[in-house]
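Novice: Here it is, the structure in full.
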Amino acid sequence: MTRQLTAADWMDEAESAERAEAWPKALALWTNAESMCEGEQQQRCHTGIARCEHEVAVDVELASIARRILKIPTLATRKMDSLDFHEVAVWQVLEALRLAHRAGRKDRGE
């Protein structure tokens, strides 16, 4: 007989996913936990959801920069050298880093 997962179980799994930087998975787990939470737990879930939403947005922005500037189709590890290693010019790296820096400053409201 399997037991029903509690909000605390979902929150533990969400925190584990965050430690692995698996932001979409962590977001889904926090959302599941939130539906079962009350009181202090609910605030913890809201904080976790907000944190994961922010990190997902950062990953989307970085992937966009990689596609547009570095011509790298995905930042996902594909476990194949020909797909995971790319030759890029230093000026492309500089432009990509500048765009990422500007995005971070904009995010902080600077």
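Novice: For region 67-96, name all the residues that are within 24 Å of residue 20 (Cα to Cα) and among the aliphatic types (A, V, I, L, M).
Specialist: Scanning region 67-96 gives 72, 75, 76, 80, 83.
Novice: Right, here's the next one. How about region 40-96: which of its residues are over 25 Å from residue 27 (Cβ atoms) and touching a residue at least 24 places away in the same chain (Cβ under 8 Å)?
Specialist: Scanning region 40-96 gives 69, 70, 95, 96.
Novice: When you scan region 1-109 for helices (runs of 4 or more DSSP H) that lie fully inside it, which ones turn up with 3 or more residues that are at pLDDT 95 or above and either small (Gly, Ala, Ser) or buried (at least 16 other Cβ atoms within 10 Å of the Cβ) (or both)? Before the answer, list the steps.
Specialist: Values: elements: 7-19, 23-34, 40-68, 81-84, 90-108.
Because the criterion is at least 3 residues that are at pLDDT 95 or above and either small (Gly, Ala, Ser) or buried (at least 16 other Cβ atoms within 10 Å of the Cβ) (or both), the helices (runs of 4 or more DSSP H) in region 1-109 that meet it are 7-19, 23-34, 40-68, 90-108.
The values are calculated or read from the model by the stated rules, or taken from the named source; none is laboratory data. Just so we're clear, the structure is a prediction, and the values are computed from it rather than from any experiment. Because the Cβ atoms are built from the backbone with ideal geometry, glycine has one as well, and the counts that use them run over all protein chains shown.
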